[in-house]
Amino acid sequence: MNKYAQTASRLLAAAALSLSLPLLAQATMDHSKPGMDPGKMGMTAAPGMTDGEIRKIDKENGKVTIKHGEIKHMDMPPMSMVFNVKDKAMLDKVQVGEKIQFIVIQDAGKMVVTDIKAMK
Ligand SMILES: [Cu+2]
């Protein structure tokens, strides 16, 4: 690299730096704006086990009705509702009326049960 090219590339680097600095500052300011709701960020917390009781099993369609306790990671109060199951074989392990613990996640807008354990 000759001396002219070195100088030119330094100038370019300096120009690029001075251009990107305001952009970085802007991006940082955007992050500090309100709207990053801490409550919503809690939704991404790792899902824990939820208590429930099997009310209905629809193995053909991979659905199960569970009377569930509070689902903390989804901010959902206790209720009875239908869930999709990740794997229909999970429904072989449980019976209607059985007390269970289960893990539910939100997948593409659907509630999907990924694990069911019978309570002893
Ligand atoms: Cu519910």
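The values are calculated or read from the model by the stated rules, or taken from the named source; none is laboratory data. All figures in this text were calculated on a predicted structure; none of them were measured in a lab. Because the Cβ atoms are built from the backbone with ideal geometry, glycine has one as well, and the counts that use them run over all protein chains shown.
General observations
- Restricted to region 88-101, and to residues there that are exposed (fewer than 12 other Cβ atoms within 10 Å of the Cβ) and on the phi < 0 side of the Ramachandran plot, the residue that is modelled with the lowest pLDDT is K93.
- Evaluation of E53 against (1) assigned to a strand (DSSP E or B); (2) free of Cβ contacts under 8 Å to residues at least 24 places away in the same chain (one fails), failing number: (2)
- Region 44-62, residues that are farther than 13 Å from I105 by Cβ and either within 10 Å of the ligand (Cβ to nearest atom) or within 21 Å of the chain's Cα centre (by Cα) (or both): D51, G52
- Applying a threshold of 9 Å to beta carbon distances and a minimum spacing of six or more residues, or different chains, the list of pairs starting in region 81-95 at a residue that is outside the structural domain of K56 (by TED's automatic domain parsing) and ending at one that is within 16 Å of the ligand (Cβ to nearest atom) is empty.
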